[in-house]
Amino acid sequence: MIEKPIELELVEELRTELTSYCYRMLGSIFDADDAVQDTLIRAWQGWDQFRQESSPRSWIYRIATNVCLDKLRYAKRRALPMDLSGPTVPIMEPRTVLPHTSWIWPVPDTACDPVDLLVRKDTLRLSFIALLQTLPPRQRAVLILYDVFQWSAKETAEAMGMTSAAVNSALQRARATMTRANLQSDELRDMDAETDHQLLSRYVEAFEQYDIDALMALFHENGSLSMPPFVMWVRDRTNLASFYEATRSHCFGSRLLPVSANSKNPAYAQYAPTGPDGTLQPWGIHVLEIKDGKIAHIHTFIDAALFSRFGLPTHLDARTSTSRQPDD
């Protein structure tokens, strides 16, 4: 058996934390995967040119940062629907969509949780990812390395190819920009830290039975729901009830499988009926934001490609049991 060179082992060991970094930079797990793969290839190919001016880890992060900056050079800011417009009234089935590149998408915890690092877990929340996207790319990178990954100014400067003074200046500007951002989604940053398994069980039962009254009892009065790539989002129980009624024909008979997304957010993969043969097909990933024991918001990310990234089956039988809950 041929052993891997030590430098290749080091590069592979950094894959998870690099994914964590690139996801925060780019707002999409698919783009983060591509960026990490590109980084690892460049690091492996350029190892002979590494002159040990800094640590290997800082050097690899510099490559990752440059890859992300290249991807962001002509990209528009990704966002959540509630940061682009007000809630929709009157209620109807959603129709208007924006391209995949317009939206922030969820990430499975298993892909983005470097357990051996002192990384702030709250900075994987979707609302924080949305806030990061308001920053110019280089300021975003500095803030992620310094405030999120808890790197020193010297370490951050090495990874960014900057001076420590330039890092501190960029950090001050980034923090000021985030303070002024005033995003609607920012109200979702202070959610319950503990999982309410009873609430989640009631949600699964109500949705799978498509009991709209039971669903409404789980929401705050001003609770809301969004559905990227659709632009529209819905707020307050009356409008939510109208929305669930408008989408009954599509969602009735669905099944939910539990997953965990964006720093242990309770989440479910919805499989919807597509025909008379009893087969359920991937539809969307529900990420729940829970505050004071009730649902404040549900992000329903409609993208079948997410299912394979979350390690989910390609289809379900309508009789599949979904009684288990997301891991704590």
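Figures for the structure shown
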quantity: The chain: DSSP helices with Cα axial extent of at least 20 Å and average Kyte-Doolittle hydropathy no lower than 1.6; calculated: none
quantity: Contour minus Cα-Cα distance for ASP147 and VAL97 (0.36 nm per residue); calculated: 14.6 nm
quantity: Zone of VAL89's modelled label, taken as backbone nitrogen in the range 225-239 under 20 Å from a point 7 Å along Cα→Cβ; calculated: 225-227, 231-239
quantity: Chymotrypsin sites (Phe, Trp or Tyr not before Pro), loop per DSSP, at most 16 other Cβ atoms within 10 Å - longest free stretch of the chain; calculated: 75-209
quantity: Segment ASN222-ILE41, length gained on full extension (0.36 nm per residue, minus Cα span); calculated: 60.4 nm
quantity: Structure-based [θ]222 nm, the chain - -39500 (n - 2.57) summed over DSSP H runs of at least 4, per residue, nearest 500; calculated: -11500 deg cm²/dmol
quantity: Residues whose placed amide H lies under 5 Å from that of GLY284, excluding near-sequence neighbours; calculated: GLN270
quantity: Förster radius 30 Å - calculated FRET efficiency between THR110 and LYS294 (Cβ-Cβ, nearest 0.05); calculated: 0.60
quantity: Per-pair calculated FRET efficiency, R0 = 35 Å: ARG73 and ALA181 via Cβ, rounded to 0.05; calculated: 0.95
quantity: Nonlocal amide H pairs with MET227, under 5 Å, H built at 1.01 Å; calculated: THR300
quantity: LYS291 long-range amide H proximity, modeled H, under 5 Å; calculated: ASP192, ALA296
quantity: Debye, to nearest 20: dipole size of the range 8-155, +1 on Lys, Arg Cβ, -1 on Asp, Glu Cβ; calculated: 660 debye
quantity: Computed E for ARG15/GLU205 - FRET, C-beta separation, R0 41 angstrom, nearest 0.05; calculated: 0.60
quantity: From phi via Karplus (6.51, -1.76, 1.60), per-residue ³J(HN,Hα) for the range 76-92 in Hz, x at Gly/Pro; calculated: 7, 5, 6, 8, 9, x, 5, 9, 10, 7, x, x, 7, 8, x, 8, 8
quantity: Derived scalar couplings ³J(HN,Hα) [the range 140-145; Karplus, 6.51 cos²θ - 1.76 cosθ + 1.60; whole Hz; x for Gly, Pro]; calculated: 4, 4, 4, 5, 5, 5
quantity: Qualifying GluC sites (Glu not before Pro) for the range 156-255 [loop in DSSP, other Cβ within 10 Å: at most 12]; calculated: GLU194
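Every number in this text was worked out from the coordinates using simple rules, so none of it is lab data. It should be emphasised that the depicted structure is a prediction, and the values quoted were computed from it without experimental measurement. A quick note on method: Cβ atoms are made from the backbone with ideal geometry, for glycine too, and the neighbour counts reach across all protein chains shown.
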